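The values are calculated or read from the model by the stated rules, or taken from the named source; none is laboratory data. Computed from a predicted structure; not experimentally measured. When we count neighbours, we look across all protein chains shown, and the Cβ atoms used for this are built from the backbone with ideal geometry, even at glycine.
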Amino acid sequence: SLGSDSAKAERMFRLMDGFLKNDSISLQQDILRHVEYTVARSRFNFDDFEAYQALAHSVRDRLIERSHDTQLYFKRKDPKRVYFLSFEYLMGRSLSNSVINLGIRDQYADALSQLGFEFEVLAEQEGDAALGNGGLARLSACQMDSMATLDYPAWGYGLRYEYGLFRQVILDGFQHEQPDFWLNFGNPWETERVHVTYPVKFYGVVEEENLNGEKCNVWIPGEVVEAVAYDNPIPGYGTRNTITLRLWAGKPSDQHDMEAYNTGDYINAVVCRQKAENISSVLYPDDRSFQGKELRLKQQYFFVSASIQDIIRRFKEAHSNFDEFPEKVALQLNDTHPSLAIAEVMRVLVDKEHLGWNKAWDIACKIFSFTIHAVIAEGLEKIPVDLLGSLLPRHLQIIYEINFKFVEELKKRIGLDYNRLSRMSIIEEGAVKSIRMANLAIVCSHTVNGVSKVHSELLKAKLFKDFYELWPQKFQCKTNGVTQRRWIVVSNPSLCALISKWLGTEAWIRDVDLLTGLRAYAADPDLQQEWMMVKKVNKMRLAEYIEAMSGVKVSLDAMFDVQTKRIHEYKRQLLNILGIIHRYDCIKNMEKSQRSKVVPRVCIIGGKAAPGYEIAKKIIKLCHAVAEKINNDTDVGDLLKLHISTAGHEASGTGSMKFLMNGCLLLATEDGSTVEIVEEIGADNLIDDV
Ligand code: CGF
C-alpha cells in the first residue's frame, strides 16, 4: 500500500495515466496481446470465439482501470454509499453494453475490422449471464446501469450462481430444462477477489456469556462456509463512474478432510466442499421439499451475511463510531429475499459491536429501504420458524425480539385489537408457524416502495393496509424503468442513430426524458419514412433469426405480433394462442376473394415456463401444435404464421416499456406500468377498446 507516500502515488498515477490508449493501433495491439498471453493462442491463428475472449479481456482492462479509479475516488470522498441487495441479476451479455458506456464501441469495431473481424459477429459469441428469473432480476441489472450512469457511489450485492436460469430445449413441442453452463468457458467480465472472503455461519447453538458484567449472546456455529467475492465492474454512460456488482460464491472453509480421505472415506472427505459449493450452485432450487427450502434459505443468508460483513468492514476503514453508520450507508432490499439482512445487522451491532439494542435498532431503521414486487398475499415470502431456528438460531431470537418490541409499541397505538395485531405481527401463527419476511422488512425500513402507481396504491389499500394506516409516511412509489442504453442503443442501433439524428444530440442516451423532443417531428414525412425503414431493417433481422431458428420463412409485409415474457397463466399466453386459432379458423372459412382484406400477421410467442409449472408447459406444447398446423397450411400461406421462440395481473411489467421505446404498437392490459405508459404517450395515441 502506498499509504501517505504521495510522491510515490503521483508517480504511480503518471505511470498509469493514459496507459490504456483507445486509438485503433493501440486497441489492435491490446487485442493481439490478449490473444497471445490471455487466451494463449497464436496471434496468427485464432477463431471468432478466441477473438471474442481477447476482445472481452481488452475491454475488461478498461473497466478494471475505471473501477479502481472509482473506488479510490470514493475512498477519498467517503460519501454515503448505496448498497443494492438483490437475489437475482439478469445481466445478459456485457460486451456491447460495456463498450457503449465506455464510449469506445466504434474504436473497437474499427480495430477489429483492421484485424479481419466483425464486432457484431464477436458479440454473438458471448453467453448470457442469466442470474435471475424475470422482471425483478432484469430490473436489478437496469438499476446497476442507471446508478453507475447517474454517478451514484453504489454497490450491488448478489449470489454468483454457477448455473443460471435453465437453458430451454424444445423437443416435439415440449419444454425440457438443461443446465445453463454459463461459466464453462470462463467469465472475462468478473474478477475473483481471493483476498475478499468472509466466514458465513450456519446451524449450531446460542450460548449466553458474561462480558464485563454484561450478558451477551454467543453463536456457536455447526457449519462455516467461506464466501468469496467475484467483482463485475458496471460502467456508467458518459461518466468514468464504474460501480461494482459483487457476487458471492461458496467455498469450503477447509478444502477436504484429509483424515477421512486417507482412511478411504472419499465421499465424506469432500462432502464439506460439496455443501459449500452447493450454496451458490443453482438459481431457484426447487423449494417444494424441506431440503429445497433449506437450501434457498441458506442462499439468502449466505449472500446477506457476506455482504453485511463487507459493508461494515468498508465503513470501519474510515469510521469507528456507529452513530455515523446511517450517514454513510443506505441498504436497498430488492424484495423480501435479502430481508434477513435486518436481523444480521442487528446481530453484528448488538453481539459483535456491543451496541445497546435500541441504538442498534435505530440505526437499522435508518439504513434500510424496501422494494416490494409482489401483488398478492400468496406471493409474500414466509419462512417456517423451525427451519429458521435450526439454520440460524440467533437470528430467530433477534426476530422474536424485534417482533415483541414492535407488538408492544403497536398495542399502545391501536389497543388490544387482536385481529389486527395478529395480521401485522412478523410471526404468523398457524399450522406452520412462520416468519413473514415482508412484515419484517416493513417494520424496519424507513421507506417501502411499490413498482408502479397502480401497484403502490394496491399496497396501501390492500396488501399492507394496516401498515399504511400506521406509517403512511413510509409508503412510496418508484415505478420501474429499463435502461435505454441496453434496450435501444444496444438492441436497436438503427433506431438509436435515427433518434440522435432528429434530436441533434446523443444526450438522450443519458437522459431518457429528452426523447419527448421527437414529438416535434412526429408528423414530419421524412422522419416517418426513415422510421419505417428502421422497422423494415429490424423486421429483416428478426425474419432471418426466425428462419435460422425454426426454418419458418416469414413475410416482411406481415405485421409482427410479439409476446415475449415468462409463460404464466396470468400473462395470458393461452388467451393469445386461442386468438390465433380463432384468426386461423376465420381465414380458413373465408372466401378466397375476401382474403385480400386480411392483414398478414406473424405471431411470435417467446418465454420459459418454470420447471415445475405443468400448465405453463402445456401452453408451450399447445403453441407448438398450433404452429405446426398453421405454418404448414399452404392454403393460409403468409396470411398467418406462428413462431415460438425459446426463451396479468402485473405489479409493473417492464416488457411493455422495452417494446414501446422501440416504436411498437402496444396491446396491453390496463394494469401495472401500462397505466403510466398511457399517461406518457398521451390518450390521443390510444386505440380505444381494441
Ligand atoms: O417484478 C415481478 C416479476 N415477476 O419479476 N415480480 N416479482 N417478483 C412482477 O410480477 C412484475 O410485474 C414486475 O415488473 C417485476 C419487477 O418489479
Top-ranked residue of the stretch 659-674 - restricted to ones that are aliphatic (A, V, I, L, M) and buried (at least 16 other Cβ atoms within 10 Å of the Cβ), ranked as nearest to the ligand (Cβ to nearest atom): A668
S369 closer than 25 Å to C477 by Cβ and within 16 Å of the ligand (Cβ to nearest atom): yes
Assigned by TED's automatic domain parsing to the domain that holds K592, at pLDDT 90 or above, under 23 Å from I580 (Cα atoms) and within 16 Å of the ligand (Cβ to nearest atom): does that describe A616? yes
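Is it fair to say K433 is more than 16 Å from the ligand (Cβ to nearest atom), under 20 Å from L421 (Cα atoms) and surrounded by fewer than 16 Cβ atoms within 10 Å (Cβ to Cβ)? Write out each step before concluding.
Numbers: more than 16 Å from the ligand (Cβ to nearest atom): yes; under 20 Å from L421 (Cα atoms): yes; surrounded by fewer than 16 Cβ atoms within 10 Å (Cβ to Cβ): yes.
Judged against the criteria, K433 is a match.
Before we move on, is L95 within 25 Å of A130 (Cβ to Cβ) and crowded, with 23+ Cβ neighbours inside 10 Å? Before the answer, list the steps.
Numbers: within 25 Å of A130 (Cβ to Cβ): yes; crowded, with 23+ Cβ neighbours inside 10 Å: yes.
Considered against the rule, which asks whether it is within 25 Å of A130 (Cβ to Cβ) and crowded, with 23+ Cβ neighbours inside 10 Å, L95 comes out as yes.
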Considering each of I580, I630 in turn, give the residue that is assigned by TED's automatic domain parsing to the domain that holds G655, over 16 Å from S555 (Cβ atoms), of a type in the set (V, I, T) and buried (at least 18 other Cβ atoms within 10 Å of the Cβ). I580
Candidate set: the stretch 18-31, residues that are under 16 Å from R60 (Cβ atoms) and among the aliphatic types (A, V, I, L, M); chosen: the one modelled with the lowest pLDDT: L20
If the requirement is being within 16 Å of the ligand (Cβ to nearest atom), of a type in the set (A, V, I, L, M) and in the same structural domain as I220 (by TED's automatic domain parsing), which of these qualifies: A374, A306? A374
Within the stretch 190-208, does at least one residue satisfy the condition of being modelled with pLDDT under 95 and either among the charged types (D, E, K, R) or more than 30 Å from R81 (Cβ to Cβ) (or both)? yes
In the set L396, L416, L392, L355, which member is surrounded by fewer than 20 Cβ atoms within 10 Å (Cβ to Cβ), of a type in the set (A, V, I, L, M, F, W, C), in contact with a helix residue (DSSP H, G or I) (Cβ under 7 Å, 6 or more places away or on another chain) and not assigned by TED's automatic domain parsing to the domain that holds G672? L355
Can you list residue pairs whose Cβ atoms sit under 6 Å apart, with the first residue in the stretch 178-189 being at negative phi and the second being polar (S, T, N, Q) and not in a loop (DSSP other than H, G, I, E, B)? Count only pairs 6 or more apart in sequence or on different chains. W189/N232
Which numbered condition D557 misses (of (1) surrounded by 16 or more Cβ atoms within 10 Å (Cβ to Cβ); (2) not in a helix (DSSP H, G or I)): (1)
Name the single residue that is nearest to the ligand (Cβ to nearest atom) among those in the stretch 466-490 being part of a loop (DSSP other than H, G, I, E, B) and closer than 30 Å to D145 by Cβ. N480
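Considering only residues that are in a strand (DSSP E or B), among the charged types (D, E, K, R) and more than 29 Å from K275 (Cα to Cα), which ones fall in the stretch 209-256?
Just the residues of the stretch 209-256 that are in a strand (DSSP E or B), to begin with: 209-211, 214-220, 223-235, 242-252.
Adding the requirement that they be among the charged types (D, E, K, R) leaves 209, 214-215, 223, 226, 231, 246, 251.
E209, E214, K215, listed by residue number.
I need a count of the residues in the stretch 589-619 that are part of a helix (DSSP H, G or I) and surrounded by 14 or more Cβ atoms within 10 Å (Cβ to Cβ). Give the derivation first.
Taking the stretch 589-619 as the starting set, the residues that turn out to be part of a helix (DSSP H, G or I) are 592-597, 614-619.
Those still in the list that are surrounded by 14 or more Cβ atoms within 10 Å (Cβ to Cβ) too: 595, 616-619.
Going through the stretch 589-619 one residue at a time, the tally reaches 5.
Suppose we keep only residues that are surrounded by 15 or more Cβ atoms within 10 Å (Cβ to Cβ) and in contact with a helix residue (DSSP H, G or I) (Cβ under 7 Å, 6 or more places away or on another chain) within the stretch 281-294. Which one would you say is modelled with the highest pLDDT? Spell out the reasoning first.
Our first condition is that a residue be surrounded by 15 or more Cβ atoms within 10 Å (Cβ to Cβ); within the stretch 281-294, this holds for 281-285, 293-294.
Pick out the ones that are also in contact with a helix residue (DSSP H, G or I) (Cβ under 7 Å, 6 or more places away or on another chain) and you get 285, 293-294.
On the way: P285: 81, K293: 93, E294: 96.
Restricting to residues being surrounded by 15 or more Cβ atoms within 10 Å (Cβ to Cβ) and in contact with a helix residue (DSSP H, G or I) (Cβ under 7 Å, 6 or more places away or on another chain), the top hit is E294.
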Working only within the stretch 567-579, note down all residues that are part of a helix (DSSP H, G or I) and under 15 Å from G607 (Cβ atoms). E569, Y570, K571, Q573, L574, L575, N576, I577
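What helices (runs of 4 or more DSSP H) completely inside the stretch 86-177 contain at least 2 residues that are within 16 Å of the ligand (Cβ to nearest atom)?
Hits in the stretch 86-177: 135-149.
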Taking the stretch 377-386 as the region of interest, how many residues are away from the ligand (no atom under 16 Å from the Cβ) and either buried (at least 18 other Cβ atoms within 10 Å of the Cβ) or within 27 Å of the chain's Cα centre (by Cα) (or both)? 3
Take the stretch 477-486 and flag every residue that is surrounded by fewer than 19 Cβ atoms within 10 Å (Cβ to Cβ) and within 18 Å of the chain's Cα centre (by Cα). K478, G481
